[in-house]
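For reference, the structure discussed in these notes is given below.
None of the figures in this text is laboratory data; all of them are computed from the coordinates on show. Note that the structure is predicted; figures quoted are calculated from it, not measured. Note that we place each Cβ from the backbone using ideal geometry, even for glycine, and neighbour counts take in every protein chain shown.
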Amino acid sequence: MQKKSPIVINVPHSSLYIPEEEMQFFEKPKLIRELVAMTDHCCDDLFDTGHEMLTFPVSRLVCDFERFRNDDEEIMSEKGMGAVYTRCSVMSLLRKVDPVHKERILQTYYDKYHGIFESLVEDKLNTHGKCIIIDGHSFFETPLPYENDQRKDRPDICIGTDSYHTTRELEKELKCFFRKSGYSVAINSPFAGAIVPFKYYRKDRRVQTIMIEINRRLYINHDGSLKEGYEDLKKDINGAVEQINTFFG
Ligand SMILES: [Zn+2]
């Protein structure tokens with residue numbers, strides 16, 4: 001049964017699904033490699049803690065829920081990786097998308113799921129007077145060529161914060177929880193920020209957000225099999241979410 005809490009878990013990058021009608025546009029030989037490299041494998045399970053959860057239904061290679069819709073606002077669009085990717089993680093061509101097709105993708109997936117996300121947050125505000133978004137991701141052990149941060153010393157856990165929507169207390173609590181559990185933790189490194197629906201962005205402090213990015217070396221082997229520590233990691237993520245709910249829910 002779903003827990004009653006102000007928490008909304010957002011998992012935007014775990015799907016491996018590419019709809020049939022989109023398949024034809026991809027450079028097929030690169031597709032498997034990109035799905036392996038870019039997918040936040042198993043995050044829909046790792047972050048399944050019994051709280052309200054929004055899981056984006058298609059691969060980020062089709063549409064990336066966490067980018068800005070408008071390329072002019074999205075820094076990654078310079079690398080062909082705005083909300084609708086045209087480039088691979090190694091910067092070569094991933095697919096060709098004309099403007100009409102791009103708009104169709106944005107309306108079908110991006111707009112629809114941002115609408116659902118906004119409603120979930122609104123429901124929490126109406127019911128609990130607050131909402132805490134936990135943005136659940138994972139990242140590659142070594143920097144991928146497209147990534148802005150190319151430093152090699154990556155932590156076990158990266159916590160992303162927003163200067164308006166993340167309180168110091170929330171950041172500190174989560175950081176301490178993971179450190180006490182034996183993980184190395186960095187704040188906003190190698191990835192920064194955390195998602196908030198546009199309607200509330202920098203307008204409503206009742207909406208808090210924090211991102212948890214898990215280093216994939218903790219739970220998945222290079223052949224895609226799960227590591228022995230998978231269940232322990234899942235338990236720790238569950239513990240972190242419960243800690244947030246106890247202190248801030
Ligand atoms: Zn991600």
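Sort the chain into rounded, prolate or oblate with this rule: let a ≥ b ≥ c be the square roots of the eigenvalues of the Cα gyration tensor; rounded if a/c is under 1.5, and if a/c is not under 1.5, prolate when a/b is larger than b/c, oblate otherwise.
In terms of gyration-tensor shape, oblate.
Using modelled amide H (1.01 Å from N, peptide plane; none on Pro or chain starts), what sits under 5 Å from the amide H of Ile133, excluding residues fewer than 5 places away?
For Ile133, the qualifying residues are Val8, Gln208, Thr209, Ile210.
If the cut-off is a Cα-Cα distance under 17 Å, which aspartates and glutamates reach Lys96, setting aside same-chain residues fewer than 8 apart in sequence?
Cross-link targets: Glu20, Glu21, Glu22, Glu27, Glu34, Asp64, Asp71, Glu78.
Relative to the present Cα-Cα distance, how much length would full extension add between Gln107 and Lys152 at 0.36 nm per residue of separation?
12.5 nm
Quick one: length gained pulling Asp45 to Arg168 fully straight, 0.36 nm per residue minus the C-alpha distance?
My answer for the length gained is 41.5 nm.
Please list, or write none, the lysines whose alpha carbon is within less than 19 Å of the alpha carbon of Lys227, excluding same-chain residues fewer than 8 places away.
Candidates past the 8-residue exclusion: Lys235.
Can you give the helix-only mean residue ellipticity at 222 nm for the chain, where every DSSP H stretch with n ≥ 4 adds -39500 (n - 2.57) and the sum goes over all residues, rounded to the nearest 500 deg cm²/dmol?
-9000 deg cm²/dmol
If each residue's Cβ is checked for other Cβ atoms within 10 Å, how do Met23, Met81 rank with the fewest at the top?
Ascending Cβ contact count within 10 Å gives the list Met23, Met81.
Using the Karplus equation 6.51 cos²θ - 1.76 cosθ + 1.60 (θ = phi - 60°), what ³J(HN,Hα) coupling, rounded to whole Hz, does each residue of the stretch 238-247 give in order, writing x for Gly and Pro?
Per-residue couplings from phi come out as 4, x, 5, 5, 5, 4, 4, 5, 5, 7 Hz.
Modelling each spin label as a point 7 Å along the Cα-to-Cβ direction, I'd like the His128/Gln243 distance in nm, to one decimal.
1.8
Tell me which lysines have Cα within less than 17 Å of Lys102's Cα, excluding those fewer than 8 residues away on the same chain?
Excluding near neighbours in sequence, the set is Lys79, Lys112.
Set the bar at 26 Å for Cα to Cα. Now go through Lys130/Lys152; Lys172/Lys203; Lys203/Lys234 and name every pair that lies beyond it.
Lys130/Lys152; Lys203/Lys234
About the Cα centre, and with charges only on the beta carbon of Lys, Arg (+1) and Asp, Glu (-1), how big is the dipole of the chain? Nearest 20 debye, please.
420
Just to verify a number: FRET efficiency for Lys4 and Lys28, C-beta to C-beta distance, R0 = 51 Å, to 0.05?
E(calc), rounded to 0.05, equals 0.65.
Between the stretch 171-249 and the stretch 1-54, how many Å separate their Cα centres?
Here the answer is 16 Å between Cα centres.
Apply the Karplus curve 6.51 cos²θ - 1.76 cosθ + 1.60, θ = phi - 60°, to the phi angles in the stretch 28-37 and return the couplings in whole Hz, x for Gly and Pro.
3, x, 8, 5, 4, 4, 5, 5, 5, 6
Using a 7 Å offset from the Cα along the Cα-to-Cβ direction at both Lys180 and Glu20, what is the distance between the two label points in nm, to one decimal?
Here the modelled spin labels are 5.2 nm apart.
Could you list Ser92, Ser77, Ser163 so that the one with the fewest beta carbons within 10 Å of its beta carbon is first and the one with the most is last?
Going from sparsest to densest Cβ surroundings: Ser163, Ser92, Ser77.
How much length would be gained if the chain were fully extended between His222 and Asp98, taking 0.36 nm per residue of separation minus their Cα-Cα distance, in nm to one decimal?
41.2 nm
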